[in-house]
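Inspection log for the structure reproduced underneath, given as structure tokens.
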Amino acid sequence: MTECFDCDNCKESLYGRKYIQMDNGPYCIPCYDAHFANTCDECKELIGHDCRELYYEDRHYHEHCFRCFRCDRSLADEPFTCQGKELLCNDCYCSEFSSKCIACEKTVMPGSRKLEYNGQTWHEHCFICSSCQQPIGSRSFIPDKKDYYCVPCYESKFAPRCTRCKKTLTKGGVTYRDEPWHKECFVCTGCKTPLAGQQFTSQDDNPYCIKCFGNLYAKKCSACTKPITGEQNSSLRSPVMPGVASVPLSASFTVVSCGRNSLYPQLKAPK
């Protein structure tokens, strides 16, 4: 006697027919599709046993139904993004939602390295110094109107240079005769003492501390032979520093005794 081999659902014989074995028994193809096949989320039809089925976030699709919502390209073997309930291929997503590089006007692809400044976006390799044309990357930069400079190029191109050493002044410094100096470079011509913030005078446009000027150029008192540093033709001054005004002292004279019954002039600060 032949052993019974029937569909577990319709009870029809499966001899000579295709079937699918399930845990609880064999099923003929029509019964399997009717009871176990999933419904395509796109076309709402059953996904038959002989169809390639795709699954994404609790939704099932026929292979030919899993397509980009914008360009209708198949997403079966393509990277894609879900925007709301819409499936989008990478090209359509980037075209619609990704920013564009301000330099090359191409889309900045998701996951690629980018730089953002003032609401604008660049590919990392497109954000370059306007002078040396090298990528700035994560280094510090200085904007100038529509140009961007790395710090070395900006200092070389725009920063003032010290009158003495000719190197750029990156911070601080003093101004003398409308020329910039490093504080450490602005020294007495004679003894090399720093003059920043100190009173000084000049001879032939060279700055001198009061002591050196007196020893080298000031007239000597005929009584005590000491230098007269308050002569009418010279004036004491201070170098101009950022935020500090230059206040020359007046060279008015007050008669005093020098200790040898002679008179010599003395500087008097203005009231």
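Are any residues in region 15-54 acidic (Asp, Glu) and exposed (fewer than 12 other Cβ atoms within 10 Å of the Cβ), and if so, which ones? Break it down into steps so the answer makes sense when it comes.
If we filter region 15-54 for residues that are acidic (Asp, Glu), which is where we start, we get 23, 33, 41-42, 45, 50, 53.
Those that are acidic (Asp, Glu) and exposed (fewer than 12 other Cβ atoms within 10 Å of the Cβ): ASP23, ASP50.
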The residue that is surrounded by the most Cβ atoms within 10 Å (Cβ to Cβ), considering only those in region 157-216 that are part of a loop (DSSP other than H, G, I, E, B) and hydroxyl-bearing (Ser, Thr, Tyr), is THR189
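Would you call SER222 among the hydroxyl-bearing types (Ser, Thr, Tyr) and either crowded, with 18+ Cβ neighbours inside 10 Å or farther than 20 Å from CYS165 by Cα (or both)?
yes
Here's the yes/no breakdown for (1) in contact with a Ser or Thr (Cβ under 8 Å, 6 or more places away or on another chain); (2) hydroxyl-bearing (Ser, Thr, Tyr); (3) modelled with pLDDT of 85 or more; (4) within 30 Å of ASP77 (Cβ to Cβ):
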| position | (1), (2), (3), (4) |
| --- | --- |
| MET109 | yes, no, no, yes |
| SER130 | no, yes, yes, no |
| ARG139 | no, no, yes, no |
| CYS150 | yes, no, yes, no |
Looking at region 84-104, is at least one residue open to solvent by less than 70 Å² (accessible area, probe 1.4 Å), among the hydroxyl-bearing types (Ser, Thr, Tyr) and farther than 30 Å from HIS123 by Cβ? no
Screening SER95, SER112 for residues that are closer than 30 Å to LYS145 by Cβ, hydroxyl-bearing (Ser, Thr, Tyr) and in contact with a strand residue (DSSP E or B) (Cβ under 9 Å, 6 or more places away or on another chain) leaves only SER112
>> Looking at the structure I just gave you, is GLU57 touching a residue at least 24 places away in the same chain (Cβ under 8 Å) and surrounded by fewer than 12 Cβ atoms within 10 Å (Cβ to Cβ)?
In response: yes
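The values are calculated or read from the model by the stated rules, or taken from the named source; none is laboratory data. Owing to the predicted nature of the structure, the values given are computational and were not obtained by experimental measurement. All Cβ positions, glycine included, derive from the backbone under ideal geometry; neighbour counts span all protein chains shown. Accessible surface areas use protein heavy atoms only, side chains included; no ligands, DNA or RNA. Shrake-Rupley method; radii C 1.70, N 1.55, O 1.52, S 1.80 Å.
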